[in-house]
Amino acid sequence: MITSNFAVKLNKVSFLKLKLWQTMRVIIDIRLTVSLLLLIALVSISGTLIEQEKSLEFYQKAYPDSPALFGFLTWNLILLLGLNHVYSTWWFLLLLALFSLSLILCTFTRQWSALKATNKWIFYKKPHQFQKLLLSSELKAKKIIPIINILKEKKYKIFQENNTIYARKGILGKIGPIVVHIGILITLCGAVLGSLTGFLEQKMVASGSEFKINSHLNLGPLSTLQSSRNWKVRVNRFWIDYNSKGSVDQFYSDLSIINDDDEELKKETIYVNKPLRYDGVTIYQTDWGISSAQIQIDNGNIFQLPMASLENNNQSKIWGTWIPLKNDLSKGISLIAKDLQGTMIIYDENGSLDSAVRIGMPLVINGVELKVHKLIGSTGFQIKADPGIPLVYTGFGLLMLGVIMSYISHSQIWILQTNHTCLIGGKTNRSQITFEKEIIGIIDSLECSE
């Protein structure tokens, strides 16, 4: 009875081992690995084409039910599949996990085994072993010592046993694929870490305002962002440089990092491609706008009116506001501006074009004197924290290094000296023509040494 139970348990263990091995063979199949890589690439492309982390209203407007983009892509489908935050969806992370597992198993079962086999000393002690080499030659009896000296000059590592020699070089070419796999895995880990623990925010801030980085964020599910972050950002000044044609050349934001006691911790002027970095957070300059206009009517007090971005068929940026001309708000005019240079357009209460006005220039309309003292700009920021960036850079560096190493040829040469002849042969994994020239050069050097 005990023997029977033991046999049953043994059969179960054998069955589990068999299933495990079969599963492993499927996972390390190069076809599965390539398929996963292509699928990850396609999903990543979709994340580039479909705007990420936008509001529900944005997707409803950009991807309506009718007409659907490409006949099927609607906002409902995008939200259902998580294509609005594709890089942090469970199914995309599962794809990365499967690809990483396949890569790890392939590295240990194939690349590492091949490297271990390469490190073994392999001596050819019988003449028929040279027949399987694509490149081999039979010479008259030669001495071993001149051959060793020639191989050393060509940077070969030499192993000798009696009358046979095994030489190799370019072992880095075998290590290269392993480094590539490690680089890919580290890059993927960095990307996953960033999507799970980082955060991203888009913000428009008026010049002269302050803001804290703790609200309305697209947080990763494991983000460590604390609402008690003890510093904030002040926009000291925002300005735009225009070129000779009147279009925007560059826009700038002068920022200060201040603590809760208004003490300045860091100050820096940022512009496109020159962000501010502080406490693991990077603030990029991405956009600009017009926040408000300072208006004066009939030499009264200066008051400030917010300006809103307006849609137009020309796709150019314009901002507008409504200026009341009476205290009861029964009459008013519209003010339109396209930049901060100071030229604005006035539309009357009927929506007809009335006149143009510049900053500081008084304008009489409907018996009322109007003066625009200042247009206040707003600056657009992308605020981002990504703890995975160092890993991504490290992994990408290893990936490039591994690719370069993989181009190094791994060459092997065998020599067997008998009483009457000297057999020499070799093989390489790439640069076959160069290797053939090297073997011919070795043979010529041996003949000249006689």
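The values are calculated or read from the model by the stated rules, or taken from the named source; none is laboratory data. Here the structure is a predicted model, which is why all the values come from computation and not from measurement. So basically every Cβ, Gly included, is an ideal-geometry build from the backbone, and we count neighbours across all protein chains shown.
Which of the helices (runs of 4 or more DSSP H) contained wholly in the stretch 1-62 include at least 3 residues that are at pLDDT below 80 and surrounded by fewer than 10 Cβ atoms within 10 Å (Cβ to Cβ)?
Qualifying helices (runs of 4 or more DSSP H): 2-27.
Where the second residue is of a type in the set (K, R) and surrounded by 19 or more Cβ atoms within 10 Å (Cβ to Cβ) and the first is under 25 Å from E263 (Cα atoms) and lies in the stretch 186-211, which pairs have Cβ atoms under 7 Å and are six or more apart or on separate chains?
Taking only residues 6 or more apart or on different chains, the pairs are F211/K203.
Taking only pairs six or more apart or across chains, which ones have beta-carbon atoms under 6 Å, a first residue in the stretch 301-328 that is outside the structural domain of E349 (by TED's automatic domain parsing) and aromatic (F, W, Y), and a second residue that is surrounded by 15 or more Cβ atoms within 10 Å (Cβ to Cβ) and part of a loop (DSSP other than H, G, I, E, B)?
none
Any idea which of G351, G380 is loosely packed, with under 15 Cβ neighbours inside 10 Å and in the same structural domain as I302 (by TED's automatic domain parsing)?
G351
Output yes when any residue across the stretch 343-366 is at pLDDT 85 or above, in contact with a Gly (Cβ under 6 Å, 6 or more places away or on another chain), assigned to a strand (DSSP E or B) and of a type in the set (K, R), and no when none is.
yes
Being outside the structural domain of Q160 (by TED's automatic domain parsing), of a type outside the set (F, W, Y), more than 31 Å from the chain's Cα centre (by Cα) and buried (at least 18 other Cβ atoms within 10 Å of the Cβ): is that true of L375 here?
yes
Of all residues being among the charged types (D, E, K, R) and exposed (fewer than 12 other Cβ atoms within 10 Å of the Cβ) in the stretch 238-271, which is nearest to P390 (Cα to Cα)? Just the residue, please.
The selected residue is E264.
Would you confirm whether any residue within the stretch 66-76 is among the small types (G, A, S), in contact with a Ser or Thr (Cβ under 7 Å, 6 or more places away or on another chain) and on the phi < 0 side of the Ramachandran plot?
Checked against the condition, which is being among the small types (G, A, S), in contact with a Ser or Thr (Cβ under 7 Å, 6 or more places away or on another chain) and on the phi < 0 side of the Ramachandran plot, the stretch 66-76 yields at least one hit.
Does the stretch 298-318 contain at least one residue that is surrounded by 15 or more Cβ atoms within 10 Å (Cβ to Cβ), aromatic (F, W, Y) and closer than 22 Å to D348 by Cβ?
no
If a residue must be in contact (Cβ under 8 Å) with a residue 60 or more places away in the chain and among the aromatic types (F, W, Y), how many such residues does the stretch 81-113 contain?
Adding up the residues that qualify gives 3.
So the check is Cβ under 9 Å with 6+ separation or different chains; which pairs have a first residue in the stretch 232-248 that's outside any strand (DSSP E or B) and a second one that's of a type outside the set (S, T, N, Q)?
N243/D249; G246/D339; S247/D339
Scan the stretch 426-445 and tell me whether some residue there is surrounded by fewer than 17 Cβ atoms within 10 Å (Cβ to Cβ) and within 30 Å of E210 (Cβ to Cβ).
No, the stretch 426-445 contains no residue that is surrounded by fewer than 17 Cβ atoms within 10 Å (Cβ to Cβ) and within 30 Å of E210 (Cβ to Cβ).
Among the residues of the stretch 133-140, is there at least one that is in a strand (DSSP E or B), surrounded by fewer than 16 Cβ atoms within 10 Å (Cβ to Cβ) and modelled with pLDDT of 90 or more?
Within the stretch 133-140, none of the residues are in a strand (DSSP E or B), surrounded by fewer than 16 Cβ atoms within 10 Å (Cβ to Cβ) and modelled with pLDDT of 90 or more.
Looking only at the stretch 375-414, which residues are modelled with pLDDT of 90 or more and either touching a Cys at 6+ places or on another chain (Cβ under 8 Å) or among the charged types (D, E, K, R) (or both)?
L391, G395 - these are the residues of the stretch 375-414 that are modelled with pLDDT of 90 or more and either touching a Cys at 6+ places or on another chain (Cβ under 8 Å) or among the charged types (D, E, K, R) (or both).
Using beta carbons and a limit of 7 Å, which pairs, at least six apart or on different chains, have the first residue in the stretch 272-283 and closer than 12 Å to P387 by Cβ and β-branched (V, I, T) and the second one modelled with pLDDT under 90 and part of a loop (DSSP other than H, G, I, E, B)?
V281/I213
Which ones in the stretch 88-132 are at pLDDT below 85 and touching a Ser or Thr at 6+ places or on another chain (Cβ under 8 Å)?
S88, C106
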